[in-house]
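Down below is the structure, laid out as structure tokens.
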Amino acid sequence: MKIFLNKNNLIKFIKNEKNLGFVPTMGSIHLGHISLFKRSISQCNRTIVSIFINKPQFNRKIDYQKYPRTLKKDISILKRLKVDYLYIPTNDQIYPTGSNKKIKISSFGKKLCGKFRPGHFEAVVDVIERFIKIINPKKIYLGEKDMQQLKIMEHFISKNYNKIKIIGCKTIRERNGIACSSRNFLLSVYEKKIASKIYKILVNKKKHLIKKEISLDTIKNKILKLGVRKIDYIKLLDVNNLIRPYKKNIKYRIFVAYFLRKTRLIDNI
Ligand code: AMP
């Protein structure tokens, strides 16, 4: 695996790549990321992974500071998987003149996490577009774990980059049901047990929710009783356009964002 810290070296080296798969990450590699790498390796001639903790997408400085960083371990995992290229840029290389405050994203960006994290999705789209300009990938691999991000990126790419394909990949879960996430490293054993119980409640109640045999408020109360500090949102939505369900046969998911102590977790089930 070739590691690039310098943007110009990377651009020169990959300029002739015709079928490059790109997996953007913020590091602290886990099985969710690994499934994306494997998918790209199986579908593309070469795979490039980036590790960059994108400061502008964090709403609170403390979350950025506390974000887990395990670079040495990440590199050894990526080497073992035979990823071709790893790009680890500095802030200055990505934002030589600051971030783009004028980025326009689809209206999905105003819902769910967008409501609670103003500017978050704009910052995500901004950084991915900056990577696109450097890397020029054929395919970009993103996880369904961050479904709203995936939908916003699909929309942005189809509007602005018709030669690039977004590949959405299934959520990978731990044995206890919780979605793999770098933020899980911040959870205690006890908090993980709570997160696992929440996952099970959502899985078990989903069909009753769809049939309106149980309300979201009842589920919310069950979750709060487990020791959750705050629920930002819990909603049943059509996964294809993230609007409220209006037909019986569309694909529903429960979207949830909640806090265990100071750690904010999101999932869609
Ligand atoms: P992150 O490093 O958290 O920014 O995530 C990088 C990419 O991995 C994003 O496209 C995420 O949606 C994806 N991802 C994170 N967790 C999972 C998971 N449990 N299963 C599948 N993809 C994931």
Inset, instruction - Please work out if ILE214 is touching a Lys or Arg at 6+ places or on another chain (Cβ under 7 Å), at pLDDT 95 or above, surrounded by fewer than 18 Cβ atoms within 10 Å (Cβ to Cβ) and on the phi < 0 side of the Ramachandran plot. - result: yes
Inset, instruction - Return a yes/no flag: does the stretch 169-181 have any residue that is farther than 30 Å from ASN19 by Cα, away from the ligand (no atom under 16 Å from the Cβ) and among the charged types (D, E, K, R). - result: no
Inset, instruction - Within the stretch 159-177, count every residue that is in contact with a strand residue (DSSP E or B) (Cβ under 8 Å, 6 or more places away or on another chain) and not basic (Lys, Arg). - result: 7
Inset, instruction - Mind listing whichever residues of the stretch 196-207 are exposed (fewer than 15 other Cβ atoms within 10 Å of the Cβ) and at pLDDT 95 or above? - result: LYS200, VAL203, ASN204
Legend entry - Enumerated helices (runs of 4 or more DSSP H) restricted to the stretch 30-127, each holding at least 1 residues that are more than 14 Å from the ligand (Cβ to nearest atom) and of a type in the set (Phe, Trp, Tyr): 112-116
Inset, instruction - Evaluate the following for LYS211: is it out of contact with any helix residue (DSSP H, G or I) (no Cβ under 6 Å at 6 or more places or on another chain), closer than 25 Å to SER35 by Cβ and without any contact (Cβ under 8 Å) to a residue 60 or more places away in the chain? - result: no
Inset, instruction - List every residue pair whose Cβ atoms sit under 7 Å apart, with the two residues 6 or more apart in sequence or on different chains, where the first one lies in the stretch 77-96 and is assigned by TED's automatic domain parsing to the domain that holds VAL23 and modelled with pLDDT under 95 and the second, anywhere, is surrounded by fewer than 17 Cβ atoms within 10 Å (Cβ to Cβ) and among the small types (Gly, Ala, Ser). - result: none
Legend entry - Leading residue by the ranking (farthest from the ligand (Cβ to nearest atom)) among those in the stretch 182-195 that are surrounded by 16 or more Cβ atoms within 10 Å (Cβ to Cβ) and not acidic (Asp, Glu): ILE194
Inset, instruction - All but one of (1) crowded, with 16+ Cβ neighbours inside 10 Å; (2) closer than 30 Å to ILE132 by Cβ hold for LYS251, so report the exception by its number. - result: (1)
Inset, instruction - Could you list, in sequence order, all residues of the stretch 128-163 that are more than 12 Å from the ligand (Cβ to nearest atom) and part of a strand (DSSP E or B)? - result: LYS139
Legend entry - Lone qualifier among ILE152, ILE157, ILE198, ILE128 - being within 21 Å of SER99 (Cβ to Cβ) and touching a residue at least 60 places away in the same chain (Cβ under 8 Å): ILE128
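The values are calculated or read from the model by the stated rules, or taken from the named source; none is laboratory data. Just so you know, these numbers come straight off a predicted model, no measurement behind them. Every residue, glycine among them, receives a Cβ derived from its backbone with ideal geometry; neighbour counts consider all protein chains shown.
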